[in-house]
Structure formats: structure tokens, C-alpha cells
Amino acid sequence: MRATFSSDTVSLELTGPLQRLVGQGEVQLSASGGRLGELLAALVEHCPEAQEHLTSAAELRQASGPLPPGFLVVRDGTTVPARLETPVHPGEKLTLLSIISGG
Amino acid sequence: MNQPVVDKSLLKLTAEDRDRYAWQLDVRGLGESGQQKLKQASVLISRVGGLGSVVAYELAAAGVGRLILAHAGNVQPADLNRQILMTDDWVGKPRIESAARRLREFNPSIEIVAVGENLSAENADALVAQADLVVDAAPLFQERLAMNDAAERQGKPVIEAAMFEMEASLTVIHPPETPRFRELVPEVPVGWKRRFPVLGAISGTVACLAATEAIKLIADLGDPLKNKLLRMDLRRMEFQTIRLR
């Protein structure tokens, strides 16, 4: 997982249980795949513990379909479709917001 | 569980009410008509733990006329870092009794309906039917899904409040005006665990905001969090309002 920002990466903010599992609030991931599924597969490859919430990198690289339940994807303060095929763009920042339930 | 239907037009403000709520009657947009709406309202609170207990307390303080509390089980020592309606002398006894007792002591002029069960697919419809509005403060996604399903069937708004460690979130679900809860959470998330890290101050923070949303919805006051999710990172004391699409 690259620690510094570069223009060919996406900055992915993590929250809730996934942030706790990964141990970082924000990670830089390659945007080369151009799709959210590829981005999350890269996250799982760099931090295998994330598979507990996100399933395997192979499944995340599937062509299309919803993300595993329990996440909102936020770009510029607005949710975007939480789907594997959602486009991602180099240099942007996304938030993978874990839906929480504690009371 | 089923309660007799009350003619709400009979629930007028009394002189005692005007004394008790005098300082909030001055809130712009609330006034006597808003206070009357609060008095006539029934709110279901799913669990009165760390979050729901503070919601219940604030709604009792505000004069919501009828609070329906649903919470099973007995008070445990580990409840007492956050569940402020439970007391140390009540460990081993039903939580719902402790919660109802505390609220009745605090505001004897309101009605407390104490249900010693958690929300489930079996009882959700009957419980939601008794309320004008529901506040979801349950720790289990299964309960949240069951309650939202019932509320959607009955066209009732749900205030969705939740926390995890030092994060919290809040939104109002009232389809078709807003997304359905199942559009946000179609099923129990993968890898979700029953136990969550919790500080009582975090639960209480989001609970006060949830109670504020309940009061706003009942009294038709301000702009409720519809189609928006308030995200709170209290470790960094950062708040973000996310537009839901």
C-alpha cells in the first residue's frame, strides 16, 4: 500500500470496522483498473484482513454487481452507486463508508 | 402489547404543561402548537441502551406524550458505561423496568409503554403500528431491517441513529421521499460483529441529535435529515453531511 499520494492513485478513506481492521483511515491505491471493484481488490491484496468485510479480490474483480452489503461510496459529499463497475478516476478521493449499527 | 386508541384531540396542553415546558415554548417555530404536537405524539424507540436511553430521556424531557420502549434482557454490569436509564442497583433485573421507572420519575406527565422484547420480524408490525414515528437505536442489523420493513409498510418515518467506537451516523428514512433502508443496507453486512466498541458520550451525542430530529419531525420544525446522512467522526470532531442518491 503506497503511503504517499500520486496522480495515478485514488485516495480511499475507510471508516468504522473496516478502518479498524485495516489500521488506517486513508489508503492510496492504484486507479489503473478504472473501476471500484478493481480498487477494492487492490485494497484486499494489500490488506488481506479486509476480505472479512469485502470478500475476495477475485470476486471484487468481477465485471459488475453490487458491493458486499453494508457500504456507501461517497464522492465529493454525495453517494455514488456502490457497485463494482462504478468508475474511479486517478487523483480523486473516495470514501468507503461502513454502515454501522451500534447503539 | 396492543394499546387502546387514544383520542389525541383530548390531549390539550394544561397549565402544568405550560409551566413545565415554558422555556422551550419560546423556541422559534415550536410554540404552543408544536408542544401540542409533541404531547399528542407516540414514538417507538427500539432498544433503550446507550443510544436509545438518551433519546428516550430527551423526548421525555421535551414532553412527547407517549414513549413505547422495546428492550429485552436484564441489566448487566457492562451496560452501565452508557445505558443511563439503568442503575447499579438494578443489575440482574429487567432493563425495561429500570428504563420505565427512571423515565416515569423524570416526567410523570407522559405515558411510558414498556415492552420487554427486542424488535423482530414477528413483533415489528404490531409495535410500529402504535407509533407515529420510530427511532432505531438497535445494535443488531436484523432488528434494524425488521423495523424499517415494518415502518415502510406502514408509511412511518424512521430515525436511523448508530455509532461505532468514536464514529456515529444519523439519517431519516421515509420512503418514497427518501431511499429505503434496504437500499442502504440490503442485508446484514458481511463480517459484521455483534460486539462494538462504545463510549457512552459518543452514544449520547448521536442520541441527542436523533432526539432533535424526532422533535423536528413531530413538530414540523426546521429541516429534517431526509436524503442526507450526517456522519460524525468524534475522534477528530468532524461532521459531514452526505447527500444520499
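Where a number appears in this text, it was derived from the coordinates with a stated rule and is not lab data. Remember, it's a predicted structure, so these values are computed and weren't measured experimentally. Cβ coordinates were reconstructed from backbone atoms using ideal geometry, including for glycine residues, and neighbour counts include every protein chain displayed.
What does the charge count near B:Lys216 come to, summing +1 for each Lys or Arg and -1 for each Asp or Glu among other residues with Cβ under 14 Å from its Cβ?
-1
Loop-only trypsin sites (Lys or Arg not before Pro) in segment B:1-102, please: DSSP not H, G, I, E or B, and at most 14 other Cβ atoms within 10 Å. Before the final figure, lay out the partial values.
On the way: sites: B:Lys8, B:Lys12, B:Arg18, B:Arg20, B:Arg28, B:Lys37, B:Lys39, B:Arg47, B:Arg66, B:Arg82, B:Arg95, B:Arg101, B:Arg102; in loops: B:Lys12, B:Arg28, B:Arg47, B:Arg82.
Within segment B:1-102, the qualifying trypsin sites (Lys or Arg not before Pro) (loop, at most 14 other Cβ atoms within 10 Å) are B:Lys12, B:Arg28.
Out of B:Leu230, B:Leu67, A:Ala41, whose Cα points farthest toward the positive end of the dipole of the protein assembly as shown (charges: +1 Lys, Arg; -1 Asp, Glu; placed on Cβ)?
Working it through, the farthest residue towards the positive pole turns out to be B:Leu67.
Lys and Arg at +1, Asp and Glu at -1: add these up for the other residues within a Cβ distance under 10 Å of B:Val43 and post the number. Don't jump to the answer; show the numbers that get you there.
Working: positive: B:Arg66; negative: B:Asp132.
Once all neighbours under 10 Å are counted, the net charge is 0.
Say R0 is 41 Å: what FRET efficiency, to the nearest 0.05, do B:Ala61 and B:Val188 get from their beta-carbon distance?
Once rounded, the FRET efficiency stands at 0.75.
Under unit Cβ charges (Lys, Arg +1; Asp, Glu -1), what dipole magnitude, rounded to 20 debye, does segment B:146-228 have relative to its Cα centre?
My answer is approximately 220 debye.
Under the Karplus relation 6.51 cos²θ - 1.76 cosθ + 1.60, θ = phi - 60°, what is the ordered set of whole-Hz ³J(HN,Hα) values for segment A:35-46, x standing for Gly and Pro?
Per-residue couplings from phi come out as 9, 4, x, 5, 4, 6, 4, 5, 4, 5, 5, 7 Hz.
Quick one, can you get me the convex hull of the C-alpha atoms of segment B:124-224 expressed as volume per residue in Å³?
102
Could you state the per residue volume, in Å³, of the convex hull enclosing the Cα atoms of segment A:9-98?
Working: hull volume 7.0 nm³, N = 90.
So the per-residue Cα hull volume is 77 Å³.
Please list, in order along segment A:14-26, the HN-Hα scalar couplings obtained from phi with the Karplus expression 6.51 cos²θ - 1.76 cosθ + 1.60 (θ = phi - 60°), rounded to whole Hz, x for Gly and Pro.
Going residue by residue, I get 10, 9, x, x, 5, 4, 5, 5, 6, x, 9, x, 8 Hz, with x marking Gly and Pro.
Applying the Karplus parametrisation 6.51 cos²θ - 1.76 cosθ + 1.60 with θ = phi - 60° to the phi angles of segment B:237-245, what ³J(HN,Hα) value in whole Hz is obtained for each residue in order, glycine and proline being reported as x?
Karplus-based 3J(HN,Hα) across segment B:237-245 equals 6, 10, 10, 9, 9, 9, 7, 9, 10 Hz.
So what does log10 I(q)/I(0) come out to for the protein assembly as shown at q = 0.06, 0.10, 0.11, 0.15 Å⁻¹, using the Debye formula with one equal point on every Cα and no solvent?
With no solvent term, the Cα-only Debye profile gives -0.23, -0.62, -0.73, -1.20.
Determine, for the protein assembly as shown, the count of lysine pairs separated by eight or more sequence positions (or lying on different chains) whose alpha-carbon distance falls under 21 Å.
18
Hey, what D do you get for segment B:1-141 in µm²/s if you plug the Kirkwood alpha-carbon radius into Stokes-Einstein at 20 °C and 1.002 mPa s? Could you put the intermediate results ahead of the total?
Details: Rh = 15.6 Å.
Answer, rounded: 138 µm²/s.
Using only Cα atoms, figure out Rg for segment B:186-225 and give it as a multiple of 2.2 N^0.38 Å.
Cα Rg divided by the expected 2.2 N^0.38 Å: 1.63.
Taking each full run of DSSP H in chain B as one helix, which ones are at least 18 Å long along their axis (Cα atoms) and have mean Kyte-Doolittle hydropathy of at least -0.5? List each step's numbers first, then the result.
Values: long enough: B:141-154 (20 Å, -1.15); B:200-219 (28 Å, 1.41).
Passing helices, by number: B:200-219.
For segment B:173-245, state which GluC sites (Glu not before Pro) are in a DSSP loop and have at most 14 other beta carbons lying within 10 Å of their beta carbon.
The qualifying sites are B:Glu177, B:Glu187.
About its Cα centre, what dipole magnitude does segment A:9-98 give when the only charges are +1 on Lys and Arg Cβ and -1 on Asp and Glu Cβ, stated in debye to the nearest 20?
The calculated dipole for segment A:9-98 is roughly 140 debye.
Quote the convex hull volume per residue of chain B, based on C-alpha atoms, as a whole number of Å³.
130
Name the chymotrypsin sites (Phe, Trp or Tyr not before Pro) in segment B:20-94 that are in a loop by DSSP and that have at most 13 other C-beta atoms within 10 Å, would you?
For chymotrypsin sites (Phe, Trp or Tyr not before Pro) across segment B:20-94 that sit outside H, G, I, E and B with at most 13 neighbouring Cβ atoms in 10 Å, the list is empty.
Please report B:Phe239, B:Phe196 as a ranked list, fewest other C-beta atoms within 10 angstrom at the top and most at the bottom.
If I rank by nearby Cβ atoms, fewest first, I get B:Phe239, B:Phe196.
Between beta-carbons, use under 13 Å as the cut-off and find the net charge around A:His53, counting Lys and Arg +1, Asp and Glu -1.
Residues close to A:His53 contribute a combined charge of -1.
Rounded to the nearest 20 debye, what is the charge dipole size of chain B about its Cα centre when +1 sits on each Lys and Arg Cβ and -1 on each Asp and Glu Cβ?
About 320 debye.
Spin-label point model (7 Å from Cα, Cβ direction): what's the B:Glu97 to A:Ser32 distance in nm?
Computed distance between label sites B:Glu97 and A:Ser32 equals 6.6 nm.
Could you work out which residue, out of B:Asp125, B:Asp17, B:Asp136, moves most in a Gaussian network model of chain B, that is, has the largest mean-square fluctuation with Cα springs under 10 Å?
B:Asp17
Relative to the present Cα-Cα distance, how much length would full extension add between B:Asp220 and B:Gln142 at 0.36 nm per residue of separation?
This chain segment gains 25.1 nm when fully extended.
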